[in-house]
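The values are calculated or read from the model by the stated rules, or taken from the named source; none is laboratory data. Just so it is clear, the structure is predicted and the values come from calculations on it, not from any experiment. Positions of Cβ are backbone-derived with ideal geometry, glycine not excepted, and every protein chain shown enters the neighbour counts. Protein only, heavy atoms only, side chains kept; ligands, DNA and RNA dropped before computing areas. Shrake-Rupley method; radii C 1.70, N 1.55, O 1.52, S 1.80 Å.
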Amino acid sequence: MSRRVEFDLSNEDNTERRRANTFSSEEDGVPNEVADYLVYFSRMIDEQNVPEILTLYDQAFPDLTERFFRDRMWPDENVVERIIGPGNKLFIILYKELYYRQLYARNARGPLLVHRYESFMNYQELFSELLSSKDPIPLSLPNVWLWDIIDEFVYQFQAFCLYKANPGKRNADEVEDLINIEENQNAWNIYPFGQSDLYFKLGYFALIGLLRTHVLLGDYHQALKTVQYVDIDPKGIYNTVPTCLVTLHYFVGFSHLMMRNYGEATKMFVNCLLYIQRTKTVQSQQPSKKNFQYDVIGKTWDQLFYLLAICLAVQPQRIDESISSQLAERCGERMMHMANGNIDEFRNAFSTGCPKFLSPTTVVYEGVNQSKEPLLRQTQSFLEGIESQMALPVLRGYLKLYTTLPTKKLASFMDTDIDFYVDRDMINIADTKVARHVGEHFLRHIQKLHEVQDVLKRLDTAGQKP
């Protein structure tokens, strides 16, 4: 059942009077409950009440959307300004950020060009407010909202690049507007991205957003340099926002994969999968709580398994058993083909697990969709790296058959990362079988047993109620 948030407007006499004089619920089609929410939200922004802002943003907004705006958009900025009164520029900018985000989410083919442009201009206005002031502006926002602003900004940049390269995503009337935007370079142009807690956190999240941007553009070295001073440890700020944590691990891991550092990529992917596994457990225990962040994380879940399969096919190593068992169920046969050197399996796994690459300079006004070209280029680059090491999985399979091997016979193979030592003219190969940690196996099943017992107790208790 949806949680309804009550709003205390006892201190809002002036706002109430102003709203009553300028706003009509029937005329504007905005329920009084929504109007009260906007008035209260504006007040909390002014007071910098971060815990209450978090509730209004993370719980009340989705709840009101579900109840009143499932089939229509939230009111536009002019109606909102009549509700809360003039002189609330910063709140209007933040509200429009939510408004356009909802607009993007509701259109499977993407919004109209005019809305894409208006959303960009709103972000530009927000960043100008933050950066052009000599002193830090009086604004405090929850970590999750700060991250969502950066994440959505990068997403809309990505969506605009794909939109430019695909004529099928726009109508004929938008072509002239797109030509004008491109000639003037006044929207989604590439340019580089404290003294207060807000600026520090926004800058921190901006680094992760820039990491994602560099990966989408195919610059993996620069992507890793962007976050080289971001501590990836349990105390990092990114841990306070689940989608930020997943984004950081996914794109850092992907950068390592493309730079052929498969061991480091494996570590990042496994850590991320373990975290998502824990969040899924939390979500299953709170089925009534809706949170779009879990939906975003769920989409990354499958991608991570395909990328992890690539890493382990090229460079096998021991990983957490719970992840290993799920990987075997999802990609076991695919990994076997990759280990045997099947290049098509590598291509399919990469295409499924990689992000949507983009080329910001590609504009197609009519004709063939060019939005897939960046993916094809990155896939080709990936496969060239795999082909140069394609013999390794096959070679590893041969070496497992030997305990000693003459150097002349080994000379016909490529170099390998398998541990061995040379004793005169003989190669002694270390056992490459992954060790099984029996203790972890029993501990995991003991934990599962406790979870089953808890479920049975709850069912028994529920059954005894009259």
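Details
- Odd one out for TYR238 among (1) at pLDDT below 75; (2) not assigned by the TED database to the domain that holds PHE269: (2)
- Qualifying residue in the range 203-226 (condition: modelled with pLDDT under 85 and not assigned by the TED database to the domain that holds PHE357): yes
- The range 263-295 - residue that is of a type in the set (A, V, I, L, M) and either surrounded by fewer than 16 Cβ atoms within 10 Å (Cβ to Cβ) or at pLDDT below 60 (or both) and, of those, farthest from the chain's Cα centre (by Cα): VAL282
- Checked against the criterion of being of a type in the set (Asp, Glu), buried (at least 21 other Cβ atoms within 10 Å of the Cβ) and either more than 22 Å from VAL270 (Cβ to Cβ) or modelled with pLDDT of 90 or more (or both), the candidates GLU373, GLU366, GLU345 yield just one match: GLU345.
- Residue, farthest from ASP320 (Cα to Cα), within the range 224-255, restricted to residues that are open to solvent by 30 Å² or more (accessible area, probe 1.4 Å) and part of a helix (DSSP H, G or I): LYS225
- Within the range 69-101, the set of residues being surrounded by fewer than 16 Cβ atoms within 10 Å (Cβ to Cβ), out of contact with any Leu (no Cβ under 7 Å at 6 or more places or on another chain) and at negative phi comprises ARG70, ASP71, ARG72, ASP76, GLU77, ASN78, PRO86, LYS89.
- Candidates LEU98, LEU162, LEU146, LEU130, filtered to the one that is part of a helix (DSSP H, G or I), within 21 Å of ASN78 (Cβ to Cβ) and either basic (Lys, Arg) or assigned by the TED database to the domain that holds PRO62 (or both): LEU98
- Subset of the range 144-179 (residues that are open to solvent by 30 Å² or more (accessible area, probe 1.4 Å) and either among the β-branched types (Val, Ile, Thr) or farther than 14 Å from LEU216 by Cβ (or both)): GLY168, LYS169, ASN171, ALA172, ASP173, VAL175, GLU176, ASP177, ILE179
- Enumeration of residues in the range 74-95 that are closer than 16 Å to ILE45 by Cα and hydrophobic (A, V, I, L, M, F, W, C): VAL80, ILE83, ILE84, LEU90, PHE91, ILE92, ILE93, LEU94
- Residues of the range 296-311 satisfying the condition of being at pLDDT 80 or above, open to solvent by 20 Å² or more (accessible area, probe 1.4 Å) and not polar (S, T, N, Q): LYS299, ASP302, TYR306
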